[in-house]
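Taking it in order: structure first as structure tokens, then the write-up.
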Amino acid sequence: MIRIDSVTKRYPDGTVAVDRLSLDIPDRAITVLVGPSGCGKTTTLRMINRMVEPSEGTILIDGVDSRQQPVNTLRRSMGYVIQNAGLFQHRTIVDNIATVPRMLGWNKDKARARARELMERVGLDASFAKRYPYQLSGGQQQRVGVARALAADPPVLLMDEPFSAVDPVVRKGLQEELLRIQEELGKTIVFVTHDIDEAVKLGTMVAVLRTGGRLAQFAPPAELLSDPADAFVEDFLGADRGIRRLSFFSSAGLDLLTAPIVAIDATAEQLARAAADAPYLLVTALDGRPLGWSEPAGLTAGQVDAGQLLPYGRPFVAGRDSLRAALDCAVLSPTGWAVAVDAEGRAAGVVSQSVIGDAIRGAHAAGREQPQAAPEIAAAAQKVIR
Ligand SMILES: Nc1ncnc2c1ncn2[C@@H]1O[C@H](COP(=O)(O)OP(=O)(O)OP(=O)(O)O)[C@@H](O)[C@H]1O
Ligand SMILES: [Mg+2]
């Protein structure tokens, strides 16, 4: 564990960048530092690998004061990724990634083999190996930056706004890739961003810093959204935190109706039976995939025209997706009903806005967030809130 213990950084000109910050950064999880520009995020990250030395306080790595470790050993145990990747422009992609292994004395073939393995892991096509950074898109360069930081297999990854220079679609892809890599490799990641949505999406734990380098709140994202510590955090979380909080509630408990689902070849009798239960019927293809909605009166057995159906929008995956996805689906649906599908995309049931509303009220009452952090991590977080 990385323990930041009452650390202050005062730059020579008197600027206090970080003010008595204490954080217990859990192992094998993503801890996000988030806050407005100039609140001391980069300074904090750099104090962890001693690119910046604290003015006061200590940073303990697995219980050992980081000042007692040779700085090279310390940095070797921590990969570092920055905005715009910071690649060596005159080196090929494969040699960029192989940089640290080469520095550690690996022979060229072994280092390049490792680099190619990492390219695959971060989702880069092998054909990029011999290209130079300028021949890659921003998002691809960012993947190279992540691969380079992982090359020597360090237990810790420090990431300073790594995805902020790419467009939202690429960014989403990189975020998902990072979550996947984290799941596979179990690194201890400290991730800096000024984007609260990114923080909530990636963080096991999120530290919100305020200007002047003071900690405003350190909590799992669901808890930030449900219980912001003060007006600053609440403001920083933005206006729709209630909706965003629904991301942490599972759709598993929703009561799905199957009666209003009819196949495109339904008989008159089947149509009549389905119509008894719901104002709209969901018509599916023969393989069970949804095609669209119709009022019962609009359907005649044997003559259903898929082109005449109302669109069913974006369905949610029952149990896997959140209540937020289910609600979004219902809100976007012309009928006000959401379509749930199974993992294969077959209609699993339908559910109305009002039933989703009941589930939201029930979930809030029970505080039934899906656990985002192991209880001991959450407890550790509680301890350091000052
Ligand atoms: N070398 C330095 N000398 C003096 N002041 C510095 C130095 N580096 C940073 N600062 C100041 O310390 C404060 C924190 O800077 P830091 O770079 O840690 O912020 P940040 O949260 O990473 O901001 P951003 O989101 O803009 O990257 C700022 O007021 C900054 O101007
Ligand atoms: Mg910064």
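Just so it is clear, none of the values below were taken in a lab; they were calculated from the coordinates. All figures in this text were calculated on a predicted structure; none of them were measured in a lab. FYI the Cβ positions are ideal-geometry reconstructions off the backbone, even for glycines, and counts take in every protein chain you see.
Calculated [222 nm] ellipticity per residue, helices only, for the chain: -10000 deg cm²/dmol; basis is -39500 (n - 2.57) per DSSP H run with n ≥ 4, divided by all residues, nearest 500.
Between Arg131 and Val71, what FRET efficiency comes out of the Förster formula 1/(1 + (r/R0)^6) with R0 = 25 Å and r the beta carbon distance, rounded to 0.05? Rounded to the nearest 0.05, the efficiency is 0.15. Candidates Thr284, Ala151, Met205 compared by Cα position along the dipole of the chain: farthest toward the positive end lies Ala151, with charges placed on Cβ. A prolate overall shape is assigned to the stretch 1-98, the ratio a/c of its alpha-carbon gyration tensor axes (a ≥ b ≥ c) being 1.5 or greater and a/b exceeding b/c. Ranking Gly319, Leu178, Leu299 by Cα position along the charge dipole of the chain, where only Lys, Arg, Asp and Glu carry charges on their C-beta atoms, puts Leu178 farthest toward the positive end.
The residue list Val262, Phe163, Ile48 was ranked by how far each Cα lies along the charge dipole of the chain toward its positive end, using unit charges on Cβ atoms, and Ile48 comes out on top. In this simple spin-label model, placing a label point 7 Å from the Cα along the Cα-to-Cβ direction at both Arg10 and Ala306 gives a separation of 7.2 nm. Model label sites at Leu179 and Asp287, defined 7 Å from Cα along the beta-carbon direction, differ in position by 2.6 nm. When the Gaussian network model of the chain links Cα atoms closer than 10 Å, the mean-square fluctuations of Pro279, Pro154, Pro228 top out at Pro279.
Structure remark: mean-square fluctuation, Gaussian network model of the chain, C-alpha springs under 10 Å; the largest value among Gln141, Gln175, Gln303 belongs to Gln303. Evaluated with a Cβ-only charge set (Lys, Arg +1; Asp, Glu -1), the chain carries a dipole of roughly 1780 debye about its Cα centre, given to the nearest 20.
Mean sequence separation of contacting Cα pairs (under 8 Å, at least six apart), scaled by the length of the chain, corresponds to a relative contact order of 16 percent. Give the aspartates and glutamates reachable from Lys130 as a straight Cα distance under 20 Å; neighbours fewer than 8 places away on the same chain don't count. Lys130 reaches Asp95, Asp109, Glu117, Glu120.
Of the peptides 20-26, 331-337, 122-128, 30-36, the order by per-residue mean of other Cβ atoms within 10 Å, starting with the highest, comes out as 30-36, 20-26, 331-337, 122-128.
The calculated FRET efficiency for the pair Gln89 and Arg50, based on their C-beta separation and a Förster distance of 22 Å, comes to about 0.25.
Using R0 = 51 Å, the C-beta based FRET efficiency linking Glu295 and Arg361 works out to 0.95.
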